[in-house]
Amino acid sequence: MDQAKNFTKGFIRENPVFILMLGLCPALGTTTSAFNGMGMGFATMFVVLMSNIVVSLIKNFVPNKVRIPCYIVIIASFVTIVDLVMAGFMPALHEQLGLFIPLIVVNCFVLGRAEAFASKNTLLSSVIDGTGMGLGFTFALTLLGAAREILGSNAIFGLQFIEGDGMLVFILAPGAFIALGYLIALANKLNKQ
Amino acid sequence: MAKRESTFFNMVLALLTITLVASASLGFIYELTKEPIEAARAARKNEAIRAVVPDFDNNPTEEQYTIEVAGGELVFYPAKKEGELVGTAIETFTHRGFSGTIKLMVGLLPDGTIHGIEVLEHKETPGLGDKMESDKSDFSAQFEGEHPEDFQLRLRQDGGDVDGITATTISSRAYCEAVQRAYDVYMDKDADVSYELPSREEAVEIVLVNFANNPLREEYQVTAGGNQYTVFPGRRGRSYTGLAVDMPSDEGYIGPIRLMVGFDSEGVITGIEVLEHEETPGYGDLIENARSDFYKQFIGLNPGEDNIRLKEDGGIIDNISGATITARAYCDAVRSAWEVFSEAQNM
């Protein structure tokens with residue numbers, strides 16, 4: 001397997017948000033600003049990477065019929081770890097993302113990587129896949145967050161560049177769908193070339 | 001290693017191992033992060049308290065007290081400098097936010113003037129409702145230095161004096177409601193305290209131990225120091241087991257304090273109940289048995305042998321911080337009650 005390709009596929013070609021359309025719940029919910037999107041992205045990336053490693057290590061130990069419950073337990077454990085560590089050491093970010101961290105458990109994208117990739121591939125490939133896909137997810141969420149923040153509050157990473165309120169709709173839920181729609185269109189266009 | 005077959009044993013083994021490892025590592029992480037999480041929480045609260053009240057040198061979280069109101073509870077953090085109350089930080093709430101409950105820390109000066117407000121918790125829309133946070137807009141600044149008596153805590157469009165946040169009427173309205181609630185409860189603390197002191201009859205039965213008679217039926221008057229006091233003797237069979245003394249004192253900080261003090265036949269204190277007082281909520285009212293353990297240090301002491309005075313007066317009783325006069329009056333009343341007890345023994 002071409003590991004370079006394996007690593008880069010997450011950014012555009014198989015981007016979890018724009019192409020695979022997985023993990024849209026946190027992608028829409030947390031991306032009110034670029035920073036929040038990035039925080040959520042990195043939290044998810046940690047979970048994907050760790051669960052990919054463990055799943056890949058134990059893939060032969062786990063019988064086929066109980067593999068999904070096993071993966072869920074592993075993912076849920078890592079999510080709880082992220083939740084606790086964040087609450088302890090990054091309370092400000094935890095407050096912002098609070099509700100969405102536990103939701104990483106039911107993010108199909110994480111289970112998807114475990115089931116579709118890590119359970120069938122070597123440890124190295126799984127690490128690269130987890131990192132690449134995690135970065136792709138972070139990239140997508142940061143992009144979406146940035147787009148919404150620029151349009152909605154005239155700011156980027158909290159830095160105001162035009163005085164006053166932006167188009168408030170982009171901060172609200174409908175704006176998340178609109179922004180995501182345009183970004184998906186863009187990603188598809190890039191993919192076709 | 002080849003993939004394991006899905007036999008019953010293999011499945012149980014896999015699930016058991018994974019859940020065991022998972023729970024062990026979670027327990028470990030929990031222990032590891034427990035302290036930082038608590039610290040972060042306390043730090044946020046202290047920061048909010050510091051931001052809303054004037055300079056203080058006590059530890060307000062140690063002296064906090066809670067008042068229950070409809071829909072929740074308010075937590076009061078008294079801020080003191082050199083023992084003097086300089087302000088009170090009040091953790092208040094509203095359920096009328098755009099997306100649920102909002103928690104605020106409102107700092108009031110002793111006369112009720114708003115000194116500062118910080119948002120503790122909210123789920124309002126980022127970019128809109130979250131502008132009520134003090135670092136995101138100067139919405140909260142307009143409350144500072146205002147007294148709710150002549151500053152109507154309602155939005156301008158509702159006939160009040162508060163400039164709402166654009167496009168965030170519901171959050172702004174909820175914010176005002178939470179501040180109003182803190183102010184109302186603060187100014188009317190006594191009315192909101194639902195705890196009731198025991199009646200005289202109940203108190204007699206609490207402070208006396210080891211009796212089989214009905215002390216209330218055998219009440220009689222004892223004269224001590226020129227005043228008449230009502231006492232209730234406890235008996236078991238023919239033997240005398242103790243005496244409850246109804247002891248008024250007019251030496252409280254605000255008004256009279258009335259205690260029911262129980263002694264055994266040797267003069268050792270078996271129980272004390274506060275029957276009446278008008279002391280300051282949050283300070284002097286800590287003499288109530290339900291509010292602090294102050295009374296417990298008296299039980300087992302014999303005022304004939306032990307020096308029932310505050311430590312700063314040369315005695316052995318720990319003061320109530322911020323309520324010296326009340327605590328002193330309480331000790332005096334306990335000593336007077338013992339005088340009545342020994343008078344009754346001599347009769």
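The values are calculated or read from the model by the stated rules, or taken from the named source; none is laboratory data. Predicted, not measured: the structure shown is a model, and the values here were computed from it. Heads up, the Cβs are rebuilt from the backbone with ideal geometry, glycines too, and the neighbour counts pull from every protein chain shown.
Brief remarks on what is shown
- In region B:175-196, residue modelled with the lowest pLDDT [restricted to those that are part of a loop (DSSP other than H, G, I, E, B) and not small (Gly, Ala, Ser)]: B:VAL193
- A:LEU97 vs. criteria buried (at least 17 other Cβ atoms within 10 Å of the Cβ) and under 26 Å from B:ARG4 (Cα atoms): no
- Counting the residues of region A:85-109 that are part of a helix (DSSP H, G or I), within 13 Å of another protein chain (Cβ to nearest Cβ) and more than 17 Å from A:PRO16 (Cβ to Cβ) gives 14.
- Matching entry among B:THR19, B:THR66, B:THR92 (being more than 17 Å from the chain's Cα centre (by Cα) and either buried (at least 16 other Cβ atoms within 10 Å of the Cβ) or among the polar types (S, T, N, Q) (or both)): B:THR19
- Test: residue in region B:31-43 that is over 29 Å from B:ASP135 (Cα atoms), without any contact (Cβ under 8 Å) to a residue 12 or more places away in the chain and not in a helix (DSSP H, G or I): no
- Which listed residue, of B:GLY87, B:GLY83, is buried (at least 16 other Cβ atoms within 10 Å of the Cβ) and farther than 30 Å from A:SER77 by Cβ: B:GLY87
- Taken over region A:1-49, the criterion of being free of Cβ contacts under 8 Å to residues at least 60 places away in the same chain and buried (at least 21 other Cβ atoms within 10 Å of the Cβ) is satisfied by A:GLY39 alone.
- Any chance B:GLY226 is without any contact (Cβ under 8 Å) to a residue 24 or more places away in the chain and surrounded by 13 or more Cβ atoms within 10 Å (Cβ to Cβ): no
- Criterion applied to B:PHE28, B:PHE8, B:PHE56 was being touching a Lys or Arg at 6+ places or on another chain (Cβ under 6 Å), more than 7 Å from chain A (Cβ to nearest Cβ) and free of Cβ contacts under 8 Å to residues at least 60 places away in the same chain, and the one residue passing it is B:PHE56.
- Residue satisfying all of: in region B:163-183; of a type in the set (Val, Ile, Thr) and buried (at least 22 other Cβ atoms within 10 Å of the Cβ); nearest to the chain's Cα centre (by Cα) among these: B:VAL179
- Residue within region B:139-155 that is crowded, with 23+ Cβ neighbours inside 10 Å and either on the phi > 0 side of the Ramachandran plot or not assigned by TED's automatic domain parsing to the domain that holds B:GLU68 (or both) present: no
- Residues in region A:1-27 that are within 23 Å of A:THR80 (Cβ to Cβ) and of a type in the set (A, V, I, L, M, F, W, C): A:LEU22, A:LEU24, A:CYS25, A:ALA27.
- Condition check for B:LEU216: of a type outside the set (Gly, Ala, Ser) and within 23 Å of the chain's Cα centre (by Cα): no
- Within region A:132-149, considering residues that are out of contact with any helix residue (DSSP H, G or I) (no Cβ under 6 Å at 6 or more places or on another chain) and surrounded by fewer than 22 Cβ atoms within 10 Å (Cβ to Cβ), the one farthest from A:PHE109 (Cα to Cα): A:PHE139
- Test: B:GLY116 is part of a loop (DSSP other than H, G, I, E, B), more than 17 Å from B:ALA167 (Cα to Cα) and small (Gly, Ala, Ser): no
- Test: residue in region B:39-52 that is exposed (fewer than 13 other Cβ atoms within 10 Å of the Cβ) and within 10 Å of chain A (Cβ to nearest Cβ): yes
- Of the residues making up region A:156-178, those that are assigned to a helix (DSSP H, G or I) and either in contact with a Cys (Cβ under 8 Å, 6 or more places away or on another chain) or touching a residue at least 40 places away in the same chain (Cβ under 8 Å) (or both) number 3.
- Residue check, A:PHE139 part of a helix (DSSP H, G or I) and under 30 Å from A:LYS59 (Cα atoms): yes
Per-residue answers, yes or no, for (1) closer than 21 Å to A:ASP129 by Cβ; (2) within 8 Å of chain B (Cβ to nearest Cβ); (3) assigned to a helix (DSSP H, G or I):
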residue	(1), (2), (3)
A:PHE61	yes, yes, no
A:ILE72	yes, no, yes
A:ASP83	no, no, yes
A:LEU111	yes, no, yes
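- Just one of the numbered conditions (1) buried (at least 20 other Cβ atoms within 10 Å of the Cβ); (2) at pLDDT below 90; (3) not small (Gly, Ala, Ser) is not true of B:PHE232: (2).
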